[in-house]
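Q: Sharing a structure, written as structure tokens. Questions coming.
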Amino acid sequence: MKKLILSVLLFLLVASSTGCTILNDSQSSIENDDKLIIDQTSTKNTSDVLIQALETNDAELFKSVFSEQTLKLQPDIDEGIKYIFNIFEGDNLEIVYENQSSESFSDLQAKCVWSICVIKTTEKCYSLTWTEWVQQETDPSAQGVYSLIFEECEEDQRGAGGGDLLAGIYYPGCETESDILNTFFGAMHNKDREELETIFSNEFLEDPEAVKNMDIFIERYTPSYSNLLAAWEVNDTICIQLRRFDAFICLHFDNKQTDKISSIRVFDSTTEDEESISRYDFNQDEMGIYFPD
């Protein structure tokens with residue numbers, strides 16, 4: 001878990017210096033000369049709602065901050081909220097640290113923020129980090145919290161905010177999917193083939209055609225964090241929507257090595273959408289990489 005948090009925070013720190021966001025940076029108009037700006041007020045209401053929900057043990061109130069898109073893509077979000085409420089202990093909740101960065105896109109009429117809130121109770125300290133679209137005119141269903149991480153921490157916990165790359169709430173039940181997604185994006189962004197191979201099954205890596213297609217895939221669809229619009233899990237498959245390539249990239253888990261990927265299928269997002277992708281039967285695909293027709 002700590003390794004995951006470090007990777008997410010590292011990404012956000014890189015984003016702070018490069019103007020990188022979950023949207024395509026080549027199509028964004030960024031405030032403040034291509035630098036993320038510190039904004040202490042834009043998601044203040046969100047932190048108030050989350051804290052009130054924790055204090056009153058109100059799961060529905062906690063859930064209310066998430067976007068329609070996230071609630072649709074991650075139907076198991078109730079399990080994530082249950083996990084958070086189960087590990088939360090203590091009374092007299094106090095905020096000991098808050099920070100957030102934001103980025104605006106004039107052409108999309110959109111604004112995204114990455115927030116962190118460290119809270120202290122009579123028993124423990126916890127960090128709340130989340131990614132949120134506070135404005136989203138292109139896709140209004142995406143407005144709201146995209147992803148959130150809640151975990152125990154030290155009182156002096158500081159740093160950047162932001163949730164996971166996977167939509168919804170990070171909790172032990174989605175650990176494998178989250179780790180695969182983080183490894184996939186890191187390896188593809190750096191074109192690190194050796195690292196990328198760690199997420200694939202033995203059968204995949206032993207097949208010459210699959211290995212050959214991997215080289216084509218890396219060159220054709222090198223996704224960076226800045227191109228991610230959404231990522232979710234459905235039917236043992238991680239579905240990723242990329243903006244720059246007009247593509248959905250779907251990573252299907254192997255039925256034997258259940259923590260490894262056995263196939264990749266790429267869909268054209270100009271002809272497919274989230275619902276059609278989620279309905280696709282990936283179990284019919286044999287091991288390998290499938291490109292759009």
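Q: Quick check on my filter: what residues within region 177-201 are open to solvent by 60 Å² or more (accessible area, probe 1.4 Å) and β-branched (Val, Ile, Thr)?
A: Thr198
Q: Here is a list: Asp259, Asp293. Which entry is free of Cβ contacts under 8 Å to residues at least 12 places away in the same chain and part of a loop (DSSP other than H, G, I, E, B)? Explain how you work it out, then say what you get.
A: On the way: Asp259 fails: free of Cβ contacts under 8 Å to residues at least 12 places away in the same chain.
Checking each option against the conditions leaves just Asp293.
Q: Identify the residue in region 227-260 that is buried (at least 21 other Cβ atoms within 10 Å of the Cβ) and of a type in the set (S, T, N, Q) and, among all such residues, is nearest to Thr198 (Cα to Cα).
A: Only one residue tops the list, namely Thr237.
Q: Residue by residue through region 87-104, note down the ones that are open to solvent by 20 Å² or more (accessible area, probe 1.4 Å) and charged (D, E, K, R).
A: First pass over region 87-104, keeping only residues open to solvent by 20 Å² or more (accessible area, probe 1.4 Å): 87-99.
Matches in region 87-104: Glu89, Asp91, Glu94, Glu98.
Here's the yes/no breakdown for (1) surrounded by 15 or more Cβ atoms within 10 Å (Cβ to Cβ); (2) modelled with pLDDT under 90; (3) not charged (D, E, K, R):
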| residue | (1), (2), (3) |
| --- | --- |
| Lys44 | no, yes, no |
| Asn57 | no, no, yes |
| Lys63 | yes, no, no |
| Glu68 | no, no, no |
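Q: How many residues are touching a residue at least 40 places away in the same chain (Cβ under 8 Å) and open to solvent by less than 20 Å² (accessible area, probe 1.4 Å) if we restrict to region 121-135? Working first, answer last.
A: Our first condition is that a residue be touching a residue at least 40 places away in the same chain (Cβ under 8 Å); within region 121-135, this holds for 128-134.
Those left that are additionally open to solvent by less than 20 Å² (accessible area, probe 1.4 Å): 128-133.
The total comes to 6.
Q: Go through region 261-293 and report how many residues are open to solvent by 50 Å² or more (accessible area, probe 1.4 Å), farther than 16 Å from Arg244 by Cα and among the charged types (D, E, K, R).
A: 5
Q: Now for a different question. Being within 20 Å of Val234 (Cβ to Cβ) and either in contact with a Phe, Trp or Tyr (Cβ under 6 Å, 6 or more places away or on another chain) or in contact (Cβ under 8 Å) with a residue 12 or more places away in the chain (or both) is the requirement here; does Ser67 meet it? I'd like the intermediate steps shown before the answer.
A: Numbers: within 20 Å of Val234 (Cβ to Cβ): yes; either in contact with a Phe, Trp or Tyr (Cβ under 6 Å, 6 or more places away or on another chain) or in contact (Cβ under 8 Å) with a residue 12 or more places away in the chain (or both): yes.
Yes.
The values are calculated or read from the model by the stated rules, or taken from the named source; none is laboratory data. Source: prediction; values computed, not measured. Glycine gets a Cβ as well: all are built from the backbone with ideal geometry, and neighbour counts include every protein chain shown. Just so you know, the surface numbers come from the protein's heavy atoms only, side chains and all, with ligands and any DNA or RNA stripped out. Shrake-Rupley method; radii C 1.70, N 1.55, O 1.52, S 1.80 Å.
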